[in-house]
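Have a look at the structure below, then the notes.
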Amino acid sequence: MAHAEEKGQGKYNVVVIGAGTAGLVTAAGTSGLGGRAALIEGHKMGGDCLNYGCVPSKALISSANLIQRMRRSRAFGLQATEPQFRFEDVFASMRRRRAIIEPHDSVERFEGLGVDVFLGRARFVSPHEVDVEGTRLRARNFVIATGTTALVPPIPGVQEISYYTNETIFDEMPSAPDSLLILGGGPIG
Ligand SMILES: Cc1cc2nc3c(=O)[nH]c(=O)nc-3n(C[C@H](O)[C@H](O)[C@H](O)COP(=O)(O)OP(=O)(O)OC[C@H]3O[C@@H](n4cnc5c(N)ncnc54)[C@H](O)[C@@H]3O)c2cc1C
């Protein structure tokens, strides 16, 4: 819905800080219900899920699953086969699949839904105002949807070694490691 005020001017019904899953849904929902919404993102649109979470992990898992199903093809009445693959190609395919989904979380898509998107770190300057790179936004309501980040626990020596977190492994691991120690046995580990 088009609103009379210029982008950044006047008072928003809702200013959402963080364009991860939670912030995107909140901003689109507010706009869809006729509210005036601003969305602020300080790093990458889509947050963890698109960039370092659900999407890249599920793309890799689906490739690994297919590799394993091919190995087990005798169970499906086929001839046993050993799949041929390069680790680097599987990772490249994951990034291509992520790039296909990226437009769904883009600035253009959300502006098209009537949300005013601002790129930069938000900080409160009063109970009713946030600053984004010098632009002041005023709102009746604020939603803080700033998510989380990987915790590197204070294990003695950890800062002297090189390690990955979910924010780096999908883009920075250059080739198949000979061995990998995974610290943390939750779903992500
Ligand atoms: C490897 C992995 C796999 C996962 N798989 C799944 C899955 O299969 N299914 C599932 O449901 N969930 C999955 N998750 C969890 C899912 O990614 C998170 O629950 C979800 O991303 C949380 O969304 P959010 O919007 O709360 O926060 P985030 O996605 O973290 O977004 C917060 C955003 O706020 C921004 N921000 C922070 N501070 C500021 C500031 N001051 N100003 C402006 N912007 C700011 C950040 O840059 C970020 O983009 C997975 C997570 C990981 C790590």
Report the calculated FRET efficiency for residue 109 and residue 61 (r = Cβ-Cβ distance, R0 = 30 Å), to the nearest 0.05. 0.70
How many nm separate the modelled label positions at residue 133 and residue 149, each set 7 Å beyond the Cα in the direction of the Cβ? 1.8 nm
Taking each pair of distinct Cα atoms in the chain once, what is the resulting Kirkwood hydrodynamic radius in Å? 19.4 Å
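Divide by every residue of the chain the summed helix terms, -39500 (n - 2.57) for each DSSP H run of at least 4, and state the resulting mean residue ellipticity at 222 nm, rounded to the nearest 500 deg cm²/dmol. Working shown, then result.
Working: 6 runs with 61 residues, N = 189.
The helix contribution divided over the chain gives -9500 deg cm²/dmol.
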Expressed in µm² per second, the diffusion coefficient of the stretch 79-189 from the Stokes-Einstein equation, with Rh the Kirkwood radius over alpha carbon pairs, at 25 °C and 0.890 mPa s, is 130 µm²/s
Separation between the residue 69 and residue 163 pseudo-spin-labels, each 7 Å from Cα along Cα→Cβ, expressed in nm? 3.5 nm
Give me 168, 30 ranked fewest to most by other Cβ atoms within 10 Å of their Cβ, as a rough exposure proxy. 168, 30
Test of understanding: given the chain, find the longest segment containing no GluC sites (Glu not before Pro) that are in a DSSP loop and have at most 12 other Cβ atoms within 10 Å. 7-132
List, in order, the whole-Hz ³J(HN,Hα) value for each residue of the stretch 91-102 obtained from phi through the Karplus relation with A = 6.51, B = -1.76, C = 1.60 and θ = phi - 60°; use x for Gly and Pro. 5, 5, 5, 4, 5, 5, 5, 5, 5, 5, 7, 3
Report, in debye and to the nearest 20, how large the dipole of the stretch 37-114 comes out about its Cα centre when Lys and Arg carry +1 and Asp and Glu carry -1 on their Cβ. 580 debye
Only Lys, Arg, Asp and Glu count, each charged at its Cβ (+1, +1, -1, -1), so figure out the dipole size of the chain about its Cα centre, rounded to 20 debye. 640 debye
In the stretch 71-175, the trypsin sites (Lys or Arg not before Pro) that sit in a DSSP loop and have at most 10 other Cβ atoms within 10 Å of their own Cβ are 86
Whats the longest run of the chain with zero chymotrypsin sites (Phe, Trp or Tyr not before Pro) that are DSSP loop and have at most 15 other Cβ atoms within 10 Å? 1-84
Ranked on Cβ counts within 10 Å of their own Cβ, fewest leading, 40, 67 go 67, 40
Antiparallel %, DSSP beta bridges [both residues in the chain], to 5: 35 percent
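Read the figures in this text as sums done on the coordinates, not as results from a lab. In this text the structure is predicted, and so the values were computed from the model without any measurement. Because the Cβ atoms are built from the backbone with ideal geometry, glycine has one as well, and the counts that use them run over all protein chains shown.
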